[in-house]
Structure formats: structure tokens, C-alpha cells
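A.B. asks: Dumping the structure here so I can ask a few things about it.
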Amino acid sequence: MKANKYREMTEQELSAKLGDLKTEFFNLRFQKATGQLSNPLSIREVKRDIARVKTILKERELSAANK
């Protein structure tokens, strides 16, 4: 998902999305370890989405601290 979509979400929605992404990442790693992963690139996509969400949350935290 693009960063613009994440920026439209509230902080509670972003926190929930982050939890979902971490769960999905765990499941993909588990599938990879057992040899059942069909698309290895999905791990990279999920990791990048996690980074995007964390970046947006940190930006909001810093902007709130500067106000």
C-alpha cells in the first residue's frame, strides 16, 4: 500500500494495521521455513509496509512534540 493511504488513517488505525502486518510477516516467515511460501517477494513487501507505518507514526509523534 502507498504511504498516502497510510497518511489518511488515524493513529489507532495505524497501530492496528501495524499489528496485522507483524502477524502477516510472522506467518510468511513461518511459511518460508516450512517451504510452503509461494511468493518470496511478499516478505519484502510486508517489511516495507511495516517500515512505512512506523515512519508515519514517528513523524506524527515528532510533529506533536514540536507543537
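A.B. asks: Give me Rg over Rh for the chain, both radii from the alpha carbons and Rh done the Kirkwood way, two decimal places.
C.D. replies: Over the Cα atoms of the chain, Rg/Rh equals 1.09.
A.B. asks: Ok, one more. Go ahead and estimate [θ] at 222 nm for the chain from helices alone: -39,500 (n - 2.57) per DSSP H run with n ≥ 4, summed, over the residue count, rounded to 500.
C.D. replies: Only helices count here, giving -28000 deg cm²/dmol.
A.B. asks: Same structure, new question: In the chain, what percent of the accessible surface is made up of carbon and sulfur (1.4 Å probe, ligands and nucleic acids excluded)?
C.D. replies: Here it works out to 50 percent.
A.B. asks: If you don't mind, there's one more thing I want to ask. Can you list the lysines whose alpha carbon is less than 22 Å from that of Lys47, not counting same-chain residues fewer than 8 positions off?
C.D. replies: Reachable lysines: Lys2, Lys5, Lys17, Lys22, Lys32, Lys58.
The values are calculated or read from the model by the stated rules, or taken from the named source; none is laboratory data. Note that the structure is a prediction, hence the values are computed from the model and not measured. Accessible surface areas use protein heavy atoms only, side chains included; no ligands, DNA or RNA. Shrake-Rupley method; radii C 1.70, N 1.55, O 1.52, S 1.80 Å.
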